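The values are calculated or read from the model by the stated rules, or taken from the named source; none is laboratory data. Remember, predicted model here, so these are calculated numbers, not experimental data. Because the Cβ atoms are built from the backbone with ideal geometry, glycine has one as well, and the counts that use them run over all protein chains shown.
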Amino acid sequence: MGIQRSLFSIDFVAYIGPKCPICHGLHCYQRIEDYWRYAIDLFPGFRKEDVPIARFLCQTHKSTFSLLPIQLIPYFQYTVSAVIGVLLGGLSCWQMGQVGFYGAVVALDSSEKTENSDAKVTGWLVLCWLMVMVRGLRRGHAELMFLYDLSRIQTSETNVPWQEFSDYFEVFGVDPETKWRIRLHILLYRYSQRTWLFLFGTPSQYRSGRA
Ligand SMILES: [Zn+2]
């Protein structure tokens, strides 16, 4: 993986900007030692890897914030491609008329499942993932319109989440029959280049109620 190498070549100040994202003061934050977290990928095959995360200290509030590589989703132990891969499997089950989320779990081969019980993909987890993805797509819709032709996508709270997920990913050209992991990476890259935000999930510095 190029994660580690690319992390050290990133110009973080250019990325974050001169203002501290926590206190909004100029020249406040300072880079501190990276921390490591693990990330699970499922395609192709199960892989658990340690990934370095760049960390910064707001000197005013003495609190830290971090920047995740775009392959990761804040607060998720699975990579974006693991999550999307499972959801694409779930989507085909839904399109075949299955109800519920268990199909997505069964669609994973046994070799892709982990024996590690706390990291197991369950129907409940798949439902959570689907909702996080749909929420991210709705939040990013206005910006995504500059990158993709979203004219046939209607956003409404009453949409069926699988349908909405399916409509977006069809526009992105991400489906199991294509080289979807590359297209997914292009999507994440284009979005974060344009907005400097994560498409999916919310990093700690933007969460309210931070200690
Ligand atoms: Zn600060």
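Quick notes on this one:
- Members of segment 13-69 that are free of Cβ contacts under 8 Å to residues at least 24 places away in the same chain, under 30 Å from Val86 (Cβ atoms) and not charged (D, E, K, R): Trp36, Pro44, Ile53
- Meets criteria (within 16 Å of the ligand (Cβ to nearest atom) and of a type in the set (Val, Ile, Thr)) for Thr60: yes
- Taking the criterion of being touching a residue at least 12 places away in the same chain (Cβ under 8 Å) and in a loop (DSSP other than H, G, I, E, B), the residues of segment 73-105 that qualify are Ile73, Pro74, Tyr75, Phe76, Gln77, Gly100, Phe101.
- When restricted to residues that are within 16 Å of the ligand (Cβ to nearest atom) and modelled with pLDDT of 90 or more, segment 21-54 contains 9.
- Qualifying residue in segment 143-153 (condition: more than 22 Å from Gln95 (Cα to Cα), modelled with pLDDT of 90 or more, part of a helix (DSSP H, G or I) and in the same structural domain as Val86 (by TED's automatic domain parsing)): yes
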